[in-house]
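So the structure is just underneath, and the comments pick up after that.
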Amino acid sequence: MLKCNECGNEITYHERVLALRSIKCKKCGVRYNIEIKNIPLFLAVIASAFFIHDYLMGVLDENLGWISFIVILGTVVILMPFNQRLEKKKS
Ligand SMILES: [Zn+2]
């Protein structure tokens, strides 16, 4: 659970999924950059996404390759917010 350092407002998972690179606290308006907390974990997520891709390409018809792509994208997007920290933007 991430909170705004200034006002303690909770930055929700949902907000972080949509924010990608930077986020603004809804309550006090402070801006944060979203940084990756744990690089090895980040790489593990990417690696497992490719592993899933390989597996799906093995079992799916090649015309359904886009499903595999969606799965990879989904995996990364869903897992990323668990591996983020907020870095206050210097204004
Ligand atoms: Zn705040």
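How much of the pair distance distribution for the chain lies past 17 Å, counting alpha-carbon pairs only, in percent? The answer is 55 percent, as a whole percent.
For the pair GLU6 and ILE39, what calculated FRET efficiency results from E = 1/(1 + (r/R0)^6), where r is the Cβ-Cβ distance and R0 = 22 Å, to the nearest 0.05?
The computed FRET efficiency comes out at 0.25.
Helix 65-79 axis versus longest C-alpha principal axis of the chain: approximately 30°, rounded to the nearest ten. Taking TYR32, TYR13, TYR55 in turn, the Gaussian network model of the chain (Cα-Cα springs below 10 Å) assigns the largest fluctuation to TYR55. Taking the Cα atoms of the stretch 1-51, the ratio Rg/Rh between the radius of gyration and the Kirkwood radius comes to 1.07. With respect to the chain, whose longest principal axis is taken over its alpha-carbon atoms, helix 39-59 is tilted by about 30°.
From helices alone, the chain scores -15500 deg cm²/dmol at 222 nm; the rule is -39500 (n - 2.57) for each run of n ≥ 4 DSSP H residues, then divide by the residue total.
Each reported figure results from applying straightforward, stated rules to the coordinates on display, with no laboratory input. If you're wondering where the values come from, they're calculated on a predicted model, not measured in any experiment. So basically every Cβ, Gly included, is an ideal-geometry build from the backbone, and we count neighbours across all protein chains shown.
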